[in-house]
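First up is the structure itself, then whatever we jot down about it.
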Amino acid sequence: MNAALSARSRPIGVFDSGVGGLTVLKALRLAMPWEDFIYLGDTARLPYGTKSAQSVVRYSLQCAAALVGRDIRCLVVACNTASATSLEALRAQYPALPVIGVIEPGAAAAVAASASQHIAVIATEGTINGGAYESAIQRANPGARITSRACSLFVAMAEEGWTSGPIAQAVARRYLEPIFLREGAPDTLVLGCTHFPVLVEAITAVLPRSIRVVDSALTTAAAVAAHLHGGAAADVHGGPAGTVSWLATDGAARFARVGSAFLGQALSADDVQLIDL
């Protein structure tokens, strides 16, 4: 049997504090359309970015336990805050399970993309203050220069659907022009929050054309594909498309409404199973 088809017997688990991680799921499905996925949004306790590190580790372990109980073969931490705080604890708890976060793949891709090794990172305030991307980039290249900016308003805009047009571009300009419209500006921008890829049209509209934009959702999907399939691309797939099971801890209707915009396809509240952690 084709290895890709036999892998469908066990799904890939993906969790986030809410719907932002759906950008990662979308990228994963594009990279590996034959795979089955279980997505868990911990919507009862979002956002993770305002919580203590100890709380985020506890929440992450609980999300992982719910997914491991459904016999997953790989765990994707589709949340920057959880990736920054919880990977070590998750890997210690499940040593035989591949656990992949969003920060390391994005950092590695930025270092590979940047000619000047001056890299800008935009993320939520919690992620920026924690320094996770800065640390990951400097592990990949100790000589890299990093300029960071918290762009927390982007999260609310993404969830409201204000992802393009004059308002979105005005906010993007206010955040990004001080970084890029100056001498010695970075040549690469990391989208360090899983909400931000849905705003990429507005973001790129205000950037110089020479800036390379690194989407951590796409780089994470590539890392997962490389780990599970040696980098196998979608064109090797020879069987039926995989399925997605949807789990949330609160607000199935809102999860479906906002999630539809992130996925680019309709999601029904009836398809979302509410669970307790």
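Every number here is computed from the coordinates shown, using simple stated rules; none is lab data. These numbers were taken from a predicted model, which means no experiment stands behind them. Methodologically, a virtual Cβ is constructed for each residue, glycine included, from the backbone with ideal geometry; neighbour enumeration extends over all protein chains shown.
Under the simplified labelling scheme, the R139-I167 pair shows an inter-label distance of 3.9 nm, with each label point 7 Å from Cα along Cα→Cβ. Dividing the mean sequence gap of close Cα pairs (under 8 Å, 6+ apart) by how many residues the chain holds gives a relative contact order of 26 percent.
Across the chain, the volume of the C-alpha convex hull divided among the residues equals 126 Å³ per residue.
Against the compact-protein benchmark of 2.2 N^0.38 Å, the Cα-based radius of gyration of the stretch 178-234 scales to 1.38. Ellipticity at 222 nm from helices only: DSSP H runs of n ≥ 4 in the chain, each -39500 (n - 2.57), divided by the residue count, give -13500 deg cm²/dmol. Run the numbers on the stretch 103-215 and let me know its relative contact order in percent, using alpha-carbon pairs under 8 Å that are six or more apart. Reported as a whole number, the value is 36 percent.
Highest GNM mean-square fluctuation among G184, G264, G41, for the chain modelled with Cα contacts below 10 Å: G184. For the stretch 130-277, the square roots of the Cα gyration tensor eigenvalues, ordered a ≥ b ≥ c, give a/c of at least 1.5 with a/b no greater than b/c, which places it in the oblate category. Can you tell me which of Q169, Q138, Q54 moves the most in a GNM of the chain? Springs connect C-alpha atoms under 10 Å apart. In this elastic network of the chain, the residue with the biggest mean-square fluctuation among Q169, Q138, Q54 is Q54.
Put a plus charge on the Cβ of each Lys and Arg, a minus charge on the Cβ of each Asp and Glu, and nothing anywhere else: the dipole of the chain about its Cα centre is then about 300 debye.
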